[in-house]
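Enquirer: Have a look at this one.
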Amino acid sequence: MDREQKGLAIVIRSMNIRENDRLLTLFSPSFGLVDIVSYGARKSIRTVKAPLYTEGNFSIEKGRRGWTLKDIDVISTHECIHDDLMRSQIAMLFSDLVITGRNADPALYTLYTDALDLLETEDAEKVAVEFIVHFLSGEGLSGDYCSCPVCGRGYGDGEILGFSSAEGVAVCHDCDTMDGALPLPPNARAYLRRSLEMGMRESMSLLVSEAQEHRIFRYLLRTLPYSFPGRLRSLEYGIWDSVQGMI
Ligand SMILES: [Zn+2]
């Protein structure tokens, strides 16, 4: 990369380092995933600040000690994500999936920033469901919920799907390796299939009861560690214990 980069990006992780500095992970459709240092970010002096989930046009510069933040033209701060524990935990999971998956594809940038925009106004569990299902599909880590990814058989209308722990995907009844421990009922499967046929933003208009949405949310959280090949540390802390406990 050049010594200076300018482009659209979003802060997807922010950690305190030393007394006053922060280490930011930027996700950019043009320069990918980059760790940069924001010097003096914790001081109240006039310095360029880029809080977590700030999206904008960033200028970063490479010095002897790595990339640093020079300037930012803010588009959105996604501030209200920080006001709610559930929203902030869900946004951390989204970041974790991007960082752990090491994918900086421009299509994923759109999915990620759309999901953060939606988190500000829409039901948090619904946004989580739509992000996870579109993310896994984009990474080639899920089936299409029309036919079994293991044996290829088309699902019957009333078929309850099982799960393959080896493949990390929902499968037909015959290919189930978990004795029905992770069942996916026909109406939930239809919802996920329709979601994948539509884009993430469009699928927010799919009508679903709160109880059904919650069941699908819990199903995806339970199956995610099987489906996603990396370790998701964001699922090991915070509110997820209580969410897992509800399953
Ligand atoms: Zn099968």
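Enquirer: May I ask you to list the residues in the stretch 173-189 that are over 22 Å from the mean Cα position of the chain (by Cα) and among the hydrophobic types (A, V, I, L, M, F, W, C)? Steps first, answer last, please.
Expert: First, the residues of the stretch 173-189 that are over 22 Å from the mean Cα position of the chain (by Cα): 173-181, 183, 185-187.
Once the filter is applied, which keeps residues that are over 22 Å from the mean Cα position of the chain (by Cα) and among the hydrophobic types (A, V, I, L, M, F, W, C), the stretch 173-189 yields CYS175, MET178, ALA181.
Enquirer: Quick check, is GLY143 among the small types (Gly, Ala, Ser) and without any contact (Cβ under 8 Å) to a residue 12 or more places away in the chain? Before you say what the answer is, go through the steps one by one.
Expert: Working: among the small types (Gly, Ala, Ser): yes; without any contact (Cβ under 8 Å) to a residue 12 or more places away in the chain: no.
No, not satisfied.
Enquirer: Within the stretch 139-148, take every residue that is under 23 Å from the mean Cα position of the chain (by Cα) and crowded, with 16+ Cβ neighbours inside 10 Å and give me the one that is farthest from the ligand (Cβ to nearest atom).
Expert: So, considering only residues that are under 23 Å from the mean Cα position of the chain (by Cα) and crowded, with 16+ Cβ neighbours inside 10 Å, the one farthest from the ligand (Cβ to nearest atom) is GLU139.
Enquirer: Of these, THR68, THR110, which one is within 18 Å of the chain's Cα centre (by Cα) and surrounded by fewer than 18 Cβ atoms within 10 Å (Cβ to Cβ)?
Expert: That would be THR110, the only listed residue that is within 18 Å of the chain's Cα centre (by Cα) and surrounded by fewer than 18 Cβ atoms within 10 Å (Cβ to Cβ).
Enquirer: Further, regarding this structure: For the stretch 176-198, enumerate the residues that are touching a residue at least 40 places away in the same chain (Cβ under 8 Å), over 15 Å from ASP157 (Cα atoms) and away from the ligand (no atom under 16 Å from the Cβ).
Expert: SER195, LEU196
Enquirer: Considering every residue within the stretch 158-175, establish whether at least one is assigned to a helix (DSSP H, G or I), of a type outside the set (Asp, Glu) and either in contact (Cβ under 8 Å) with a residue 24 or more places away in the chain or in the same structural domain as MET92 (by TED's automatic domain parsing) (or both).
Expert: Checked against the condition, which is being assigned to a helix (DSSP H, G or I), of a type outside the set (Asp, Glu) and either in contact (Cβ under 8 Å) with a residue 24 or more places away in the chain or in the same structural domain as MET92 (by TED's automatic domain parsing) (or both), the stretch 158-175 yields at least one hit.
Enquirer: When both residues are 6+ apart or on different chains and their Cβ atoms are under 8 Å apart, which pairs have a first residue that lies in the stretch 9-30 and is of a type in the set (D, E, K, R), and a second that is surrounded by 21 or more Cβ atoms within 10 Å (Cβ to Cβ)?
Expert: From the stretch 9-30, the pairs are ARG13/LEU24; ARG13/LEU52; ARG13/SER95; ASP21/SER38; ARG22/SER38.
Enquirer: Filter the stretch 71-97 down to the residues that are in contact with a Lys or Arg (Cβ under 9 Å, 6 or more places away or on another chain) and of a type in the set (A, V, I, L, M), then identify the one that is surrounded by the most Cβ atoms within 10 Å (Cβ to Cβ).
Expert: MET92
Enquirer: Within the stretch 126-135, work out how many residues are surrounded by fewer than 22 Cβ atoms within 10 Å (Cβ to Cβ) and either within 14 Å of the ligand (Cβ to nearest atom) or under 12 Å from the mean Cα position of the chain (by Cα) (or both).
Expert: 1
Enquirer: State yes or no: is MET204 assigned by TED's automatic domain parsing to the domain that holds LEU232, surrounded by 14 or more Cβ atoms within 10 Å (Cβ to Cβ), away from the ligand (no atom under 16 Å from the Cβ) and without any contact (Cβ under 8 Å) to a residue 24 or more places away in the chain?
Expert: So MET204 fails the test.
Enquirer: Among the numbered criteria (1) modelled with pLDDT under 95; (2) surrounded by 20 or more Cβ atoms within 10 Å (Cβ to Cβ); (3) within 16 Å of the ligand (Cβ to nearest atom), which single criterion is violated by ALA166?
Expert: For ALA166, the failing item is (2).
One line per residue, one yes/no per condition, for (1) touching a strand residue (DSSP E or B) at 6+ places or on another chain (Cβ under 6 Å); (2) under 30 Å from TYR53 (Cβ atoms); (3) part of a loop (DSSP other than H, G, I, E, B):
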{"residue": "THR121", "(1), (2), (3)": "no, yes, yes"}
{"residue": "VAL127", "(1), (2), (3)": "no, yes, no"}
{"residue": "GLU130", "(1), (2), (3)": "no, yes, no"}
{"residue": "VAL133", "(1), (2), (3)": "no, yes, no"}
{"residue": "PRO149", "(1), (2), (3)": "yes, no, yes"}
{"residue": "GLY156", "(1), (2), (3)": "no, no, yes"}
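Enquirer: Return the residues of the stretch 55-104 that are acidic (Asp, Glu), free of Cβ contacts under 8 Å to residues at least 60 places away in the same chain and outside any helix (DSSP H, G or I); say none if nothing qualifies.
Expert: Across the stretch 55-104, the qualifying residues are GLU61, ASP71, ASP73, ASP84.
The values are calculated or read from the model by the stated rules, or taken from the named source; none is laboratory data. Treat the numbers as computed from the prediction; the structure is a model and nothing was measured. Don't worry about glycine lacking a Cβ; one is built from the backbone with ideal geometry, like all the others, and counts go over all protein chains shown.
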